[in-house]
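Visitor: Let me give you the structure first, and then I'll get to my questions.
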Amino acid sequence: GVPVSVHRVGSLLTAIFLAGPGRGFADVRRADTKRYAVFFNAMLDRGIYLAPSQFEAAFVSLAHADADIDATVEAAREALAEVARAFPPSDSSA
């Protein structure tokens, strides 16, 4: 229930809190930075260090083991649940 899309090129990726794919600057500039802030802090609370802006990229490398990826996915599920609680569907600020 959280409007977010993940954009990826190779091992670089970013989650943009925007309904739809965000195909260019005009789309992406409407991204919800408040939702990202909640997500960022929730991930940080779980030991996952992301870029402080959704307009920067995260990198996956060979240094990341399967357990690291699994832990990140689980942290993201929990963090997205926090975002959903912070911004219920009736919230029109998106």
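The values are calculated or read from the model by the stated rules, or taken from the named source; none is laboratory data. Quantities reported herein were computed from a predicted structural model and do not represent experimental measurements. Here the Cβ positions follow ideal geometry from the backbone for every residue, glycine too, while neighbour counts run over all protein chains shown. For the accessible areas, the whole protein counts, side chains as well, though only heavy atoms, and no ligand, DNA or RNA atoms are used. Shrake-Rupley method; radii C 1.70, N 1.55, O 1.52, S 1.80 Å.
Visitor: In this structure, does SER61 turn out to be assigned to a loop (DSSP other than H, G, I, E, B), open to solvent by less than 50 Å² (accessible area, probe 1.4 Å) and either more than 22 Å from VAL9 (Cα to Cα) or among the hydroxyl-bearing types (Ser, Thr, Tyr) (or both)? Outline the logic, then answer.
Guide: Details: assigned to a loop (DSSP other than H, G, I, E, B): yes; open to solvent by less than 50 Å² (accessible area, probe 1.4 Å): no; either more than 22 Å from VAL9 (Cα to Cα) or among the hydroxyl-bearing types (Ser, Thr, Tyr) (or both): yes.
Answer is no for this residue.
Visitor: For the range 5-36, what are the residues that are part of a helix (DSSP H, G or I) and either among the hydroxyl-bearing types (Ser, Thr, Tyr) or over 9 Å from the mean Cα position of the chain (by Cα) (or both)? Can you show your working first?
Guide: Of the range 5-36, the ones part of a helix (DSSP H, G or I) are 25-28, 33-36.
Those that are part of a helix (DSSP H, G or I) and either among the hydroxyl-bearing types (Ser, Thr, Tyr) or over 9 Å from the mean Cα position of the chain (by Cα) (or both): PHE25, ALA26, ASP27, VAL28, THR33, LYS34, TYR36.
Visitor: Out of the residues in the range 1-41 that are open to solvent by 40 Å² or more (accessible area, probe 1.4 Å) and of a type in the set (D, E, K, R), which is nearest to VAL73 (Cα to Cα)?
Guide: Looking at the filtered set, the residue picked out is ARG8.
Visitor: Determine the pairs where a residue that is without any contact (Cβ under 8 Å) to a residue 60 or more places away in the chain, located within the range 41-63, has a partner that is of a type in the set (D, E, K, R) and open to solvent by 40 Å² or more (accessible area, probe 1.4 Å) with Cβ atoms under 8 Å apart, the partner being 6 or more residues away or on another chain.
Guide: ALA42/GLU78; ALA42/GLU82; ARG46/GLU78
Visitor: Would you mind stating whether ALA71 is modelled with pLDDT of 95 or more, surrounded by 10 or more Cβ atoms within 10 Å (Cβ to Cβ) and part of a helix (DSSP H, G or I)?
Guide: Values: modelled with pLDDT of 95 or more: yes; surrounded by 10 or more Cβ atoms within 10 Å (Cβ to Cβ): yes; part of a helix (DSSP H, G or I): yes.
It is true that ALA71 is modelled with pLDDT of 95 or more, surrounded by 10 or more Cβ atoms within 10 Å (Cβ to Cβ) and part of a helix (DSSP H, G or I).
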